[in-house]
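What follows is a short report on a single structure.
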Amino acid sequence: MFKKFLVSALLFTAACTSAQDQGKTPETIRGQLNRCMLDRTYDLKDAGKLENADKWTTAREILSLCKRRLHISGSEINDTQSLNIIVSTIDSLR
């Protein structure tokens, strides 16, 4: 539980410090994306699909899924930073 809180806090911090202001608050874009990424990563962990999966491939799949679900374009977020956040989360859950 504490680990999930810590990861959530890190994701929120990243959202507040890195989102580009395009008339939307960081919580609107980055917050929703971070929540989606975290939820999907935990879903995969709960299903036992993180242990043997390639973390970078899994991170790209999670990011792609969340961007589609939230209708986010590449110009609204930093893909590299998002992938690094997902990979860090995967590493902490293994």
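Bear in mind that the values in this text are calculations on the coordinates, not laboratory data. None of the values given here were measured: they were computed from a predicted structure. Cβ coordinates were reconstructed from backbone atoms using ideal geometry, including for glycine residues, and neighbour counts include every protein chain displayed.
Overview of values
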| read-out | value |
| --- | --- |
| Phi-based couplings in Hz for region 66-76 (Karplus 6.51, -1.76, 1.60; Gly and Pro marked x) | 5, 5, 5, 4, 9, 6, 9, 8, x, 6, 8 |
| Segment ASN84-TRP56, extension gain: residue separation times 0.36 nm, minus the distance between their alpha carbons | 9.2 nm |
| Simple spin-label estimate for HIS71 and THR28 in nanometres, 7 Å along Cα-Cβ | 1.3 nm |
| Which of THR89, THR28, THR58, THR41 has the fewest Cβ neighbours within 10 Å, and the rest in rising order | THR28, THR58, THR41, THR89 |
